[in-house]
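Since the structure comes first, as structure tokens, the remarks are kept for the end.
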């Protein structure tokens, strides 16, 4: 991994804001981390030279964050949130800050079309290899600040989070119609769709409360009973979402990437968290993937396309040549899923995205 190059890239990116053109997410920190991670540091600065031209400056703050609940989900306070987390990470160990804020932010996992949690996942992975690096601590702070500023719940998931949150005895409510093993594939197959698949993600998510059986469908995946089961559930969720991209990706090639990359980010963050947070983490990741699927995927999928076979190394090489941030991040995610499952079908997803995006 090109550690020095990644730190140089972070230094360049940390002068820019988490969004540009009003609401588009800054993908730079996520893409450069993936490029460096997979052995393409030579691409990083050249990629940034072009990408930086579209970004906005770092937002200025209005006033310090004092009542965090009132400021949560207020994009006008983005500069305040960035300053808040910068200070927190200067004063406290990063795992302590993450452990405090992860359960507060999880219910708002739809933030920035799930880019808040995705950026945090990349930042945590970078810190795993160098956890005292000030540029990487800054990146985690900016990722958490972005998530807090854009905090947005998935409608109809209150009960899902209530059941997945451990009680004082450390247990979760895993009762319900599904008391057998977690069946992610069946839960995904049972998701309804919104009628009007037009507009941005905020407008689409706003339709979910009126979709018949939405709340029942999102509750169909029961909470994990143990941390180990939560980890297995997340692995299965990324796996199945990657395969579903081959069936549904043609309908929304960019947005359906997030059905894969959001749970991947959560899965990557688990080792840095208290194990009591793993079951709620699965619930949040499931809520994100379910919502993105329901608002962007068609009801009927297509036969997965036939693509030229590629090794994992070739998959990422093609993504790096393509250069689109979503293609790079999807390749990064499906390579993790392939390493965990050995399912070679996953390797086609990044190539398919590269053809469409």
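The values are calculated or read from the model by the stated rules, or taken from the named source; none is laboratory data. Just so we're clear, the structure is a prediction, and the values are computed from it rather than from any experiment. Heads up, the Cβs are rebuilt from the backbone with ideal geometry, glycines too, and the neighbour counts pull from every protein chain shown.
Listing for the model above:
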| item | result |
| --- | --- |
| Whichever residue in the range 68-94 is crowded, with 17+ Cβ neighbours inside 10 Å and over 29 Å from residue 255 (Cα atoms) and, among such residues, is nearest to the chain's Cα centre (by Cα) | 94 |
| Of all residues in the range 304-320 being in contact (Cβ under 8 Å) with a residue 40 or more places away in the chain and outside any helix (DSSP H, G or I), the one that is farthest from the chain's Cα centre (by Cα) | 308 |
| Any chance residue 217 is over 19 Å from the mean Cα position of the chain (by Cα), over 19 Å from residue 161 (Cβ atoms), part of a helix (DSSP H, G or I) and not assigned by TED's automatic domain parsing to the domain that holds residue 95 | no |
| Residue within the range 319-333 that is buried (at least 16 other Cβ atoms within 10 Å of the Cβ) and closer than 30 Å to residue 163 by Cβ present | yes |
| Members of the range 321-337 found to be more than 19 Å from residue 118 (Cα to Cα) and touching a residue at least 24 places away in the same chain (Cβ under 8 Å), listed by number | 322 |
| Matching residues in the range 188-208 - criterion: being more than 18 Å from the chain's Cα centre (by Cα), exposed (fewer than 15 other Cβ atoms within 10 Å of the Cβ) and assigned to a helix (DSSP H, G or I) | 189, 203 |
| The listed residue being under 16 Å from residue 188 (Cβ atoms), modelled with pLDDT of 95 or more and within 15 Å of the chain's Cα centre (by Cα), out of 246, 282 | 282 |
| Single condition residue 111 does not satisfy, out of (1) within 19 Å of the chain's Cα centre (by Cα); (2) surrounded by fewer than 22 Cβ atoms within 10 Å (Cβ to Cβ) | (2) |
| Near pairs, Cβ below 6 angstrom, 6+ apart or cross-chain, from the range 104-123 (assigned by TED's automatic domain parsing to the domain that holds residue 333) to any residue that is assigned to a helix (DSSP H, G or I) | none |
| Filter result for the condition that a residue is modelled with pLDDT under 85, assigned by TED's automatic domain parsing to the domain that holds residue 119, surrounded by 12 or more Cβ atoms within 10 Å (Cβ to Cβ) and part of a loop (DSSP other than H, G, I, E, B), over 131, 178 | 131 |
| Residue check for residue 283: surrounded by 24 or more Cβ atoms within 10 Å (Cβ to Cβ), without any contact (Cβ under 8 Å) to a residue 60 or more places away in the chain and either within 18 Å of residue 234 (Cα to Cα) or assigned by TED's automatic domain parsing to the domain that holds residue 239 (or both) | no |
| Qualifying helices (runs of 4 or more DSSP H) (wholly inside the range 1-88; at least 3 residues being over 16 Å from residue 116 (Cβ atoms) and out of contact with any helix residue (DSSP H, G or I) (no Cβ under 9 Å at 6 or more places or on another chain)) | 41-51 |
